[in-house]
1. What FRET efficiency would be calculated for the residue pair Ile25, Asn174, taking the C-beta separation as r and a Förster radius of 30 Å, to the nearest 0.05?
2. For Arg166, which sequence-distant residues (separation of 5 or more, or a different chain) have an amide H within less than 5 Å of its own amide H, given hydrogens modelled in the peptide plane?
3. Grab the beta carbon distance between Asp118 and Glu64, set R0 = 30 Å, and tell me the FRET efficiency rounded to 0.05.
4. Once you have the Cα-Cα distance between Lys141 and Gln154, take 0.36 nm times their residue separation minus that, and quote the gain in nm to one decimal.
5. Between Glu110 and Asp47, how high is the FRET efficiency from 1/(1 + (r/R0)^6) when r is the Cβ-Cβ distance and R₀ = 25 Å? Nearest 0.05.
6. Please compute the volume of the convex hull spanned by the alpha-carbon atoms of region 19-92 and report it per residue in Å³.
7. What distance in nm lies between label points placed 7 Å from Cα along the C-beta direction at Glu128 and Arg8?
8. Write down Rg/Rh for region 1-124, rounded to two decimals, with Rg from the C-alpha atoms and Rh from the Kirkwood relation over Cα pairs.
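Coordinate-derived values only; no laboratory data. All figures in this text were calculated on a predicted structure; none of them were measured in a lab. Note that we place each Cβ from the backbone using ideal geometry, even for glycine, and neighbour counts take in every protein chain shown.
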Amino acid sequence: MTEEYFNRNIRIDDEGRYEVSLPWIEGHPPLPNGRKVPERRLKKCTDSLKKSGNLEGYETVLNEWLQEGIIEEVAVSRETEAEYFLPHRAVIKVNLTTGIRPVFDASSREKGSPSINDCLEKSPNLVELIPSINNRFCLKKIGVISDIRKAFLQISLNKNDRPFFRFLWWKAGNPKKLKKFPTPKSCFWT
């Protein structure tokens with residue numbers, strides 16, 4: 001059902017990205033506007049980044065996303081609309097093209113409230129297909145791989161879904177500079 005929904009609702013936006021509307025469960029419980037969990041996790045994330053010396057690198061990635069149009073700042077006049085904030089954390093992998101990257105947690109919830117994942121239709125788990133794909137590499141002479149560093153960043157969210165995928169950041173890890181409320185334009189949550 002979810003695959004059919006995406007096939008019916010996918011389109012190409014003005015920037016040449018695929019744009020999708022999310023398959024919300026009909027009658028799902030309302031999402032809270034709360035920021036307690038995302039703010040607490042942001043503090044934990046920045047403390048960890050400072051301790052490991054990766055705060056500047058993490059912020060560089062977010063600034064690159066802002067410059068590339070992958071995320072956009074929310075205008076002050078839009079802050080009163082319904083919005084939901086996703087917590088995020090850093091994934092650090094040394095010696096890869098994506099040395100540090102943010103990962104967003106769509107399963108996070110406040111006590112007694114649903115998460116984004118609770119409100120969306122589920123699709124089959126395609127990860128289970130990976131072993132058979134890997135086995136096919138043994139059958140042929142040539143195997144092709146690629147770096148998909150920004151693959152998910154090329155899928156844009158419909159404007160109506162973006163307020164539910166916001167995240168918080170404070171410049172240079174300073175809690176007094178919690179001024180940015182970027183809206184992800186792309187699908188990059190877990």
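1. On the way: r = 38 Å, r/R0 = 1.28.
It comes out at approximately 0.20.
2. Here Tyr84, Leu86 satisfy the definition.
3. Numbers: r = 31 Å, r/R0 = 1.05.
In this case the efficiency is close to 0.45.
4. Details: separation 13, 0.36 × 13 = 4.68 nm, distance 3.08 nm.
Result: 1.6 nm gained on full extension.
5. Details: r = 21 Å, r/R0 = 0.84.
The computed FRET efficiency comes out at 0.75.
6. Details: hull volume 10.8 nm³, N = 74.
Spread over its residues, the Cα hull of region 19-92 gives 146 Å³ apiece.
7. Rounded to a tenth, the inter-label distance reads 2.5 nm.
8. Values: Rg = 16.9 Å, Rh = 17.1 Å.
Rg/Rh for region 1-124 comes to 0.99.
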